[in-house]
Structure formats: C-alpha cells, structure tokens
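Structure record follows, encoded as structure tokens.
The values are calculated or read from the model by the stated rules, or taken from the named source; none is laboratory data. No experiment lies behind these values; they were computed from the predicted model shown. All Cβ positions, glycine included, derive from the backbone under ideal geometry; neighbour counts span all protein chains shown. Just the protein is used for accessible areas: all its heavy atoms, side chains included, with ligands, DNA and RNA removed. Shrake-Rupley method; radii C 1.70, N 1.55, O 1.52, S 1.80 Å.
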Amino acid sequence: QVQLEESGGGLVQTGGSLRLSCAASRRTFSTYVMAWFRQAPGKEREFVAGISMSTTTTRYADSVKGRFTISRDNAKNTVYLQMNSLSPEDTAVYYCAVRMGSAVLTTIYDYWGLGTQVTVSS
C-alpha cells in the first residue's frame, strides 16, 4: 500500500499564494504519477494538476493554468503544488493522489490522501 502525507493548506487572502506538499511512501514501484484534486462545498471532485514521476510530463486543469505549478522531488518521493493569484473560487479541500504508470490521467487513481483545506478570503 502507498501512504500519502499532505501539508501546506491554510487561510490566505485573494491574490495570495500557498504551497502544498505531498510525500508518498515508496515500496516496490518506480513508475507512477502524482496529482492534485480538489472538492469545494456542494461540488464534485475535480482534477487540478498532475505530474509523472518518471517523465516529468505535467497536466493542468484550464481553471488553474498560469497560476498553479506542479513539481516533484524524486529523492523525497514528494510532489508540490505552488498556487499563486488565489481567488475565493479556489477554496476547497485539496487531495493528493497516486496512480501506477506514466500517463497523467484526470480520473482513475489508486491511492488518496486525507486532504488539506485551502481557504481563500475575499
């Protein structure tokens, strides 16, 4: 099993920035993808950004392109989400996820973190 440990959530004003971190335990796999999803109150979970831990290929939701940046640190088995120019619409619980393979998909993932709250005040 893969365990995910998230950190970095909090409260920020409109236009501010936050950096989320997610560390994944490594067992027997080396080719996998890490991604971020979010779920706002009353809304469905949506894909935010993902990155291959082998090819570094990235993928972003249209709503965050140009504002969010996903990156990785393979030595720490960790993925980061730098969030800039935040708005109240970004308020949600952000979840870290992992899937086996190299394709950065927006739907099916194998392991999930517990989530971290991001709140953007207006």
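Every condition in (1) at pLDDT 95 or above; (2) closer than 18 Å to Val118 by Cβ; (3) not β-branched (Val, Ile, Thr) is met by Glu6 except one, and the failing one is (1). Scanning the stretch 64-82 for residues that are of a type in the set (Ser, Thr, Tyr), modelled with pLDDT of 95 or more and surrounded by 15 or more Cβ atoms within 10 Å (Cβ to Cβ) turns up Thr69, Tyr80. Within the stretch 70-85, the presence of at least one residue that is outside any strand (DSSP E or B), farther than 18 Å from Ser121 by Cα and of a type in the set (Gly, Ala, Ser) is confirmed. Scoring Ala23 on the criteria (1) part of a loop (DSSP other than H, G, I, E, B); (2) open to solvent by 20 Å² or more (accessible area, probe 1.4 Å); (3) touching a strand residue (DSSP E or B) at 6+ places or on another chain (Cβ under 6 Å) leaves a single failure, condition (1).
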